[in-house]
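Below you'll find the structure, written out as structure tokens, and then a few comments.
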Amino acid sequence: MKRIILTLIMIAPVIVNAQKKNPNSFLNDWAGPYGGVPAFANYKLKDLKPAIEAAIQEKLKQVDKIANNPMPPTFDNTIVAMEKAGKRLNQINIIFGIYGSNLNSPEFEPIESEMTPKFSEVSNKVYQNEKLFSRISAVYNSPEKAKLTPEQQRLVWLYYSNFVREGAKADAKSKERVAAINQELAGLFTKFSQNQLADENNYYLELKTEADFDGLPEELKTAAMADAKDRKLSVMGTIANTRSSMEPFLTFSNRRDLREKAFRIWTSRGDNDNANNNNATLVQILKLRAEKAKLLGFATFADWSLSNTMAQKPQKTLDLMMSVWEPAVAKVHTDVAEMQKMVDAEGGKFQIEAWDYRYYSEKVRKAKYDLDQNDLKPYLQLEKLREGMFWVAGEIFNLSFKQIHNVPVFHPDVRVWEVSNKLTGKVVGLWYFDPYARKGKRSGAWMNAWREQSKFNGNVITIVSNNCNFIKGKEGEPILISWDDASTLFHEFGHALHGLNSNVNYPSLSGTNVPRDYVEFPSQVMERWLATPQVLNKFALHYKTGEPMPMALVERNNKAATFNEAFSTVETIASALVDMKLHLLTNPDIDPKQFEKETLTALNMPKEIVMRHRIPQFGHIFSDDEYAAGYYGYLWADAISADATEAFTETRDGLYNKTVAKKLYDNVFSIGNTIDPAIAYKKFRGRDVNTDALMRARGFAVTKK
């Protein structure tokens, strides 16, 4: 998940009368039903830059007004005032992010390059406003704080700690340099992302003859032919340079030569000998981050980055990662040996390489479990699984979904649902769904909160979106997806449910605004419901016959549940370890390719696997600061989600136990960041996390202590 980080702002100065429409649609309040929604039909790209500039000026004036309030600082006139501020720029920033992630274009790119540092500049000026920090400090240190509610005290702590972390206590010279670094980083983040997107758009694998399609499932053939047509190429088909296209090709193509070519195209993103090479850019980012951390009093950027997380210290993350890494690597070697036997039996005169792994892993799965992923696909219809997610949300969280057509969308592919509480009938939010790949949309899957739920200033419902990159098939035919893609669908929906279930007072504490290494927990636990018989019997229906997935196939799938877990564990943890080691450098003047090679060699990385995200394409850590030195968070949160899952499976009703579900809602999904996550989890589970559950979930041996 990548969350959009919002900056606080008051109403732009050009809006004198809230009832009067501004000719610049970005500067109008979100109007219409549900407390207002984005007016996508009215936005014009040419208006975006002046809207941002107008909003920025108002932001700075509003902050000054709060900072220079002649009245003594209180929770209401300082902290609440900051919570009320920001509506206009928040809304503009959301649309700016949608253009960047979902609708990127040559027309938008120069606006993105110019304006991204402007957002950083505003943030710098807020965090470095000494009078404002003095007021926040006064509230934080006041004896009156004890009279506030626990949630209010948590909000005061959040403001104070964020300001300190961003250098509010630093000397003037350090503040000035930190501000300059932040602005330079913002520009570099944009450059990195644009380079990566360019390589994803401009490189592809050509399929020129019928033989080039050998082994491909019908839907991948159809998608490849459609992609070539969209590109106006004379070849029979093209495999797009996105995960949703490349990974299925690497899994099913019988053409080893084309698998190697596809693999090299995919893993070379951002590392090609062209204008989009990201290596110099990412080294600049690393150097600036290291310098910033030192100015703020931290030994390394990793230490700074983890200072507001559950882990707190880099060593704790390294200890967890290595405890899983070693058994995972050992299992990979065993799995590769099985694959090699198959190659040898077929008369192949080669050793397993990285472009062979998925292909032969699938063959071993078939031989070992009589399970071909293509046997599952006819039962995994995207729309039926979406219905299944809605059903689970109803069973676990009492939510109901109704599709609506009375709000504008940013692309014809996008659909919208009104989400209500089944017990009260109260609308709790809107869910926007943007499921399909297209040019100008970044690869992967993610969730965004366009508006946070809150109650302190009237009842404000949340607006969330899920965005995926599924490949459209033939007109009128259902879209069939893989089991892995189905898991991703449920995962991202878990983030959306974290927002939709939020029931707090203040937006800064709402929904997914939790520590980075905790935010993936609700999404990862949501994945567990996909494999339940209740979901499979009702929603895993054959796209032609409507029959549910046969029990024999379900059982074979369950037996193979941890098959290939070592591969996914190694490719992900390799990325997380490299991320952490990059950000532990005090002098990151490196050759990224050499650093990657030496680090993985020292870790005994199996040669048959590459990092899930090689350094020059590691958008999680180089498109912004959010996941930098934080990719470990997926493993950290999965340790929590595995333990939480066992809270359900230890009961007779399993994952549908109403008592455990209520505790999950009360102590995780509804409370946002209103209390420390470690305390919240202990209230849910009755104890701290037991990481043995993670090893069991991944099929690895649990080490006796």
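At a Förster radius of 45 Å, what calculated FRET efficiency corresponds to the Cβ-Cβ distance of E353 and K131, to the nearest 0.05?
The computed FRET efficiency comes out at 0.15.
Any idea how far apart K368 and L233 come out in nm if each label point goes 7 Å out from Cα toward Cβ?
Placing both labels 7 Å along Cα→Cβ, they lie 3.4 nm apart.
Tell me whether segment 136-217 comes out rounded, prolate or oblate; compute the Cα gyration tensor, take square roots of the eigenvalues as a ≥ b ≥ c, and use a/c under 1.5 as the rounded threshold.
oblate
Hand me the tally of lysine pairs in segment 366-520: alpha carbons under 21 angstrom apart, and the pair either on different chains or 8 or more positions apart.
Lysine pair count for segment 366-520: 16.
Taking all protein chains as present, what is the carbon and sulfur share of the accessible area of segment 231-364, in % to the nearest whole number, probe 1.4 Å?
52 percent
Give me the number: length gained by fully extending K683 to R696, i.e. 0.36 nm times residue separation minus the C-alpha to C-alpha distance, one decimal in nm.
Gain on extension, K683 to R696, equals 2.4 nm.
Here are several values of mean projected area of the Cα convex hull in nm²: [x] 32.6; [y] 37.4; [z] 31.0. Which one was derived from the coordinates shown?
[z]
Looking at the chain, send over the antiparallel percent of its DSSP beta bridges, to the nearest 5.
Counting DSSP beta bridges with both partners in the chain, the antiparallel share is about 75 percent.
How much area per residue is accessible in the chain when the probe is 1.4 Å and only protein heavy atoms are counted (Å²)?
Ligands and nucleic acids excluded, the result is 41 Å² per residue.
Between D676 and K221, what length in nm is gained on full extension when 0.36 nm per residue of separation is reduced by their alpha carbon distance?
Gain on stretching D676 to K221: 158.9 nm.
Find, among the GluC sites (Glu not before Pro) in segment 623-653, those assigned to loop by DSSP (not H, G, I, E, B) with at most 15 other beta-carbon atoms within 10 angstrom.
Sites meeting the loop and neighbour criteria: E650.
Please report the spacing between the Cα centers of segment 232-301 and segment 624-648 in Å, no decimals.
Result: 24 Å between the Cα centres.
At 7 Å along the Cα-to-beta-carbon direction for both K422 and V343, put a label point, then send me their distance in nm to one decimal.
Those two pseudo-labels are separated by 5.1 nm.
Determine how large the accessible area of W30 is when every protein chain is in place; take a 1.4 Å probe and give Å² rounded to the nearest 10.
Ignoring ligands and nucleic acids, W30 comes out at about 20 Å².
If you roll a 1.4 Å probe over segment 512-591 with all protein chains in place, what percent of the accessible area is carbon or sulfur?
That fraction is 48 percent.
If I model a spin label as a point 7 Å beyond the Cα along the Cα-Cβ vector, how far apart are those points for T74 and W157 in nm?
2.4 nm
Suppose only helical runs count, i.e. DSSP H with n ≥ 4. What mean residue ellipticity at 222 nm does that imply for the chain under -39500 (n - 2.57) per run, divided by all residues and rounded to the nearest 500 deg cm²/dmol?
The helix-only estimate for the chain comes to -16500 deg cm²/dmol at 222 nm.
From the backbone phi of segment 478-491, what are the Karplus-calculated ³J(HN,Hα) couplings (6.51 cos²θ - 1.76 cosθ + 1.60, θ = phi - 60°) in whole Hz, Gly and Pro given as x?
x, 8, 9, 10, 7, 4, 4, 5, 5, 4, 4, 4, 5, 4
Of the chymotrypsin sites (Phe, Trp or Tyr not before Pro) in segment 236-329, which ones lie in a loop per DSSP and count no more than 16 other C-beta atoms within 10 Å?
For chymotrypsin sites (Phe, Trp or Tyr not before Pro) across segment 236-329 that sit outside H, G, I, E and B with at most 16 neighbouring Cβ atoms in 10 Å, the list is empty.
What FRET efficiency comes out for A280 versus D653 if R0 is 56 angstrom and r is the Cβ-Cβ distance? Round to the nearest 0.05.
0.50
Between K316 and K20, take the C-beta separation as r, use R0 = 56 Å, and let me know the FRET efficiency to the nearest 0.05.
0.55
The values are calculated or read from the model by the stated rules, or taken from the named source; none is laboratory data. Because the structure is a prediction, the values reported are computed rather than measured. Heads up, the Cβs are rebuilt from the backbone with ideal geometry, glycines too, and the neighbour counts pull from every protein chain shown. Protein only, heavy atoms only, side chains kept; ligands, DNA and RNA dropped before computing areas. Shrake-Rupley method; radii C 1.70, N 1.55, O 1.52, S 1.80 Å.
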